[in-house]
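First up is the structure itself, then whatever we jot down about it.
The values are calculated or read from the model by the stated rules, or taken from the named source; none is laboratory data. Remember, it's a predicted structure, so these values are computed and weren't measured experimentally. Every residue, glycine as well, gets a Cβ built from its backbone with ideal geometry; the counts of neighbours run over all protein chains shown.
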Amino acid sequence: MCLAIPMKLIEVQGARGIVALGGIRKEIMLTLTPDARIGDYVIIHAGYAIEILNEEEAEQTLDLLREISEKPTDGTAD
Amino acid sequence: MDNRVITLSHGAGGEAMRRLIKELFVKQFSNPLLNPLADAAILKLNQERLAFTTDSYVVKPLEFPGGNIGKLAVCGTINDLAVMGARPLYLSAGFILEEGFPTLALERIVDSMSQTARTAQVEIVTGDTKVVPRGECDGIFINTAGLGICPLGHGLSEIPTTQGDAVVISGTIGEHGIAILAAREGLMLKTTIESDCAALNDLIASVLKESKGVKWMRDPTRGGLAAALTELAESQECDILIREVSIPVQDGVKAVCELLGFEPLHLANEGKVVMVVEPGEAERVVELLRRHPLGHAAAIIGRITGHGKGMVRLETEAGGVRRLHQPAGELLPRIC
Amino acid sequence: MEPLTDFRNAHIVRQIAREITRVGLDRRVQLMEVCGGHTAAIYRHALHDLLPPGVKLISGPGCPVCVTANDFLDRAISISMLPDVTIATFGDLIRVPGSTRSLADMRARGADVRVFYSSADSLEWARAHPERTVIFLGIGFETTACTLAATLAEAVHTKMKNFRLLSALKTMPEALRVLFTAPGAQVDGLILPGHVTTIVGWDAFEFIAREFSIPCVVSGFEPVDLMETILMLCHQVAEKRASIENQYRRVVRKQGNIRAQELIREMFEPCDMSWRGLGVIPGSGLKLRTMYSQSDAASIPVEVEPSQEDSACRCGDVLRGRIHPTECALFGTVCTPDTPRGACMVSAEGACSAVYHFSSDHHGQ
């Protein structure tokens, strides 16, 4: 229901910020994520950052999934 | 739903517009030259085949990154001729101007038209000028009609596609649609994306000169690649399979689409051509396109898989296969 | 790390699909998602295609546009006809039919209806046009509610006199309770809305596992997320467990976004709200607190035509997961995205729209 995507925070001006993705930049509101820092990925919904992406968790999730995807295909169920 | 007035959906290039055209204009004007509803009508005059087309330009804003309404008016009509396999020769230019429209802006637009036409080696040979009172048109509206000659002796849309034919795009998609949207107020987006607005006659001629494998062409303007392919599928009752990973899209276009909930396949292009090519010639056509500056990102994006229901299907990035339909209604940013 | 594309990797998706087939399920399972974003993602990436035949996905009441009953739009339409009023809305609402007309129809007749990507942008517009009264149409769940709370707080703080909210904001937990209490679709597992949970945390949904013994997993929105979620749910079903797990670990925290919750509480209070398909659910809506009544558009005196729901439209059943969109007699024939009879067909995240646009199902032609 809530279209929201991760974008990188590149500038902070009080409650406003500028995020970037793929060469585009957009001004957004940081009212809901007062702890966001430049360099963080923030989740943007309707012009507001609603959460900060935890990159460590993201990497861990990807690592876990890569492990699953490297399992032998003829193997037994786990 | 109230159908007694025209709404913006009727002009958006999708389902509503097609229905309006079919159920009103074609129904009333019906004749064998009009009915194929190709990008241009192919007329027989003595021994020659001529291509004839027209388009009106109401784009807003009038000037945008990569072009303006004038450049668009020249390129759009040239391209409608070129994708029929015709060599564009002459254009008409009709202007409807709003009282109070700045002459400096008009000069920029006309200068653009003149340069674009000259580079494309097409002449603007007749025209018209009207001025309406303030408030009765949005600055400037332009209509261009174009005449071209078909060197092949026939229009390209007459060649049927067959199973195995390749679908080729001449470059990255979605830039014009995004450039226009970003230039409008209300979106507040900073992007370097420029409209791909360009005359394609030279690009297309360079391919047709060296290869006989091209069977069908279209410039995917309003409604994007999705509209062009679904129209092909319907008109020829052929089934098409496109691979999402093969479709060239600039990162910036992808990013805006993700942010606002658009599909690159639905966005307008003004400097791209999609072609159906015999399987044996597909690689060669891509190579020929890539040699030209306007075709450097050309790629094979799918195949004709057979004849039957006239369906376009898309194999997604994630690997599943889904149906590709005509975009419906008006493009709007999505939040929820 | 690429936050989007890494989670779309087709190879990983295929491998997870393989893992799903290896889970020892002794029967067919139906998993429900209750988030328009999930509906759209599943269809857009054609994930149904990749699942084994014994695992079915169904859509619930997750599209905020779809679950908003006609009277909200009818009121917005009436307000749009008042002098000097500008209706500010998210794009999703423009073509949704009310009882007789849509906002797009009103715009075609001269009403000032403007689409904004963000309520913050509409506030700026209102600031630049003090002669207009801007009425923002507030649809959405908690994810959107917190952004509207922030915008309204700013409006109040800067003493804006020409900006008001017409709220149809809804909260999920109570609706899910009603959904699972009434007999309806068989739901063996629940895909929890990732962004709503980002805001409210997952404790709010814990009752679903405890009281209804339905396994729940909070899910992200990329193909890899949804597939991992489905795998986690299938494991719970096979192991006869019912608990809440979090797949969207990189974003969702157990307690949610505290600041966002605070802002919602500051500006709004719960109220009864009508949900298409579910009826009136006590405490499932949000309205502006009385002290902010000058920013509330609900009190604007206006004549609203008596709302009628289309009796042939089966959006209600679709929203409860009782029927698949193709089982509605109007689907694809009378009801299409260009001639929608109900919200589920015109909303970009409605189940009917998703099936129509993206499915291989040969729709009503």
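See the values below:
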item: Residue in the range C:185-193 that is at pLDDT 95 or above, assigned to a helix (DSSP H, G or I) and touching a Gly at 6+ places or on another chain (Cβ under 7 Å) present; result: no
item: Filter result for C:Ile208 (among the hydrophobic types (A, V, I, L, M, F, W, C), at pLDDT 95 or above and closer than 30 Å to C:Asp296 by Cβ); result: no
item: Selection within the range B:27-49 - of a type outside the set (Asp, Glu) and under 20 Å from the mean Cα position of the chain (by Cα); result: B:Leu34, B:Asn35, B:Pro36, B:Leu37, B:Ala38, B:Ala40, B:Ala41, B:Ile42
item: Matching residues, the range C:293-349, being surrounded by fewer than 23 Cβ atoms within 10 Å (Cβ to Cβ) and not in a loop (DSSP other than H, G, I, E, B); result: C:Ser293, C:Gln294, C:Ser295, C:Asp296, C:Ala298, C:Ser299, C:Gly316, C:Asp317, C:Thr326, C:Glu327
item: Filter result (within 14 Å of chain A (Cβ to nearest Cβ) and among the β-branched types (Val, Ile, Thr)) within the range B:255-289; result: B:Val256
item: Qualifying residue in the range B:164-174 (condition: at pLDDT 95 or above, under 30 Å from B:Gly302 (Cα atoms) and surrounded by fewer than 20 Cβ atoms within 10 Å (Cβ to Cβ)); result: yes
item: Sole residue being β-branched (Val, Ile, Thr), more than 12 Å from chain B (Cβ to nearest Cβ) and either within 27 Å of B:His325 (Cα to Cα) or surrounded by fewer than 23 Cβ atoms within 10 Å (Cβ to Cβ) (or both), chosen from C:Ile20, C:Ile42; result: C:Ile20
item: Single match in C:Ser213, C:Ser167, C:Ser243 (criterion: more than 9 Å from every other protein chain (Cβ to nearest Cβ), buried (at least 24 other Cβ atoms within 10 Å of the Cβ) and modelled with pLDDT of 95 or more); result: C:Ser167
item: Filter pass, B:Val249 being modelled with pLDDT of 95 or more and within 14 Å of another protein chain (Cβ to nearest Cβ); result: yes
item: Pairs with Cβ under 7 Å, 6+ apart, first in the range C:288-304 and of a type in the set (S, T, N, Q), second surrounded by 14 or more Cβ atoms within 10 Å (Cβ to Cβ); result: C:Ser295/C:Leu152; C:Ser295/C:Ala155; C:Ser295/C:Val156; C:Ser295/C:Phe163; C:Ser295/C:Arg164; C:Ser295/C:Leu165; C:Ser295/C:Leu288
item: Residue within the range B:5-15 that is loosely packed, with under 14 Cβ neighbours inside 10 Å and either more than 21 Å from B:Gln115 (Cα to Cα) or free of Cβ contacts under 8 Å to residues at least 60 places away in the same chain (or both) present; result: yes
item: Members of the range A:23-57 found to be within 9 Å of chain C (Cβ to nearest Cβ), in a loop (DSSP other than H, G, I, E, B), crowded, with 17+ Cβ neighbours inside 10 Å and of a type outside the set (A, V, I, L, M, F, W, C), listed by number; result: A:Thr31, A:Thr33, A:Gly47, A:Asn54
item: Boolean, C:Val96 is outside any strand (DSSP E or B), more than 10 Å from chain A (Cβ to nearest Cβ) and farther than 25 Å from C:Val200 by Cα; result: yes
item: Subset of the range C:23-32 (residues that are surrounded by 21 or more Cβ atoms within 10 Å (Cβ to Cβ) and within 9 Å of chain A (Cβ to nearest Cβ)); result: C:Val23
item: Options C:Leu73, C:Leu47: the member that is more than 10 Å from every other protein chain (Cβ to nearest Cβ) and of a type outside the set (Phe, Trp, Tyr); result: C:Leu73
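Residues are listed down the side, and each one gets a yes or a no for (1) more than 14 Å from every other protein chain (Cβ to nearest Cβ); (2) within 17 Å of the chain's Cα centre (by Cα); (3) in a helix (DSSP H, G or I):
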site: B:Gly171; (1), (2), (3): yes, yes, no
site: B:Ile180; (1), (2), (3): yes, yes, yes
site: B:Ile193; (1), (2), (3): no, no, no
site: B:Leu203; (1), (2), (3): yes, yes, yes
site: B:Leu208; (1), (2), (3): yes, no, yes
site: B:Lys212; (1), (2), (3): yes, no, no
site: B:Trp216; (1), (2), (3): yes, yes, no
site: B:Thr221; (1), (2), (3): yes, yes, no
site: B:Ala228; (1), (2), (3): yes, yes, yes
